[in-house]
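A.B. asks: Here it is, the structure in full.
Just so it is clear, none of the values below were taken in a lab; they were calculated from the coordinates. Only a predicted model underlies this, so the values are computations on that prediction, with no experimental measurement involved. Cβ coordinates were reconstructed from backbone atoms using ideal geometry, including for glycine residues, and neighbour counts include every protein chain displayed.
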Amino acid sequence: MRTRNAAAGRSFGVWRRAGWVVGGVLIVGVVGMSGCAEDPVSVTRSKDAEVLAALPAGIHPILWIPEINAAARTHRREVRLYLWPQGVDDRVAAFQGEIRMAQGLQALDVSFPEGVLGAWNVVEPGRLRFAGVALEGVGSGAALLLRLGPGPALSSEVFQVTVERVAAAGTLADLTSRVVRREHPVVVRDRPEALRALLSRVK
């Protein structure tokens, strides 16, 4: 499992209390990544917002793929994984899973946003395992940041996202049963933080 610093102490306590073994891989350190500057987004009308509003209750793995990054020839295309809580009041504090990508896709870089301690490992080409802890909860922000090299055009069909474990902030209650499973993840072009704000105003 790849790591970038030795700030493992606090997060190890979370994993132990949750009773998890992360993908059979021993975590010897955990990443503490600084946040990335967010692109300003102004969403007034969005088909993505309609899609998200219609999702059934549960925790949905969602990929944000900006339109500019979807093209096959674009270098260092950014993709972000969100754990979208639809009708779930608990905040996600810990998560574990894997992403499988179509042949020809390669992760050039993997990181975690500010507030998330995590570790990741490319098990084999096109298969990425990850685990993260957000002591204050992930909230509406991204759980994982990917930068992909050129390859197939990016769409839902070229990804499979499996979220194996999820725990709630504060209580560490097991929320895994609330994860909505589908063959391919929901993909949005508008940034989910902006979509969340838009949906909150509509209610």
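A.B. asks: Only Lys, Arg, Asp and Glu count, each charged at its Cβ (+1, +1, -1, -1), so figure out the dipole size of region 60-203 about its Cα centre, rounded to 20 debye.
C.D. replies: Values: 18 positive and 15 negative charges, 60 e Å.
So the magnitude is around 280 debye.
A.B. asks: Among Ser111, Gly126, Thr176, whose Cα projects farthest towards the positive end of the dipole of region 98-203, with charges put on the beta-carbon of Lys, Arg (+1) and Asp, Glu (-1)?
C.D. replies: It is Thr176.
A.B. asks: Just to be sure I understand the model, the point goes 7 Å from the Cα along the line to the Cβ. What's the resulting Ala153 to Ala57 distance in nm?
C.D. replies: The answer from the label model is 3.8 nm.
A.B. asks: For region 42-117 and region 144-169, write down the distance between their C-alpha centroids in whole Å.
C.D. replies: When both Cα centres are located, 7 Å separates them.
A.B. asks: Follow-up. May I ask you to sort Glu124, Glu157, Glu193 by Cβ crowding, counting other Cβ atoms within 10 Å and putting the fewest first? Spell out each step's value before the answer.
C.D. replies: Working: Glu124 7, Glu157 13, Glu193 17.
If I rank by nearby Cβ atoms, fewest first, I get Glu124, Glu157, Glu193.
A.B. asks: Quick one: Kirkwood hydrodynamic radius for region 76-180, alpha-carbon pairs, angstrom, one decimal? Numbers along the way, then the final one.
C.D. replies: Values: mean 1/r = 0.0707 Å⁻¹.
Roughly 14.1 Å, rounded to one decimal.
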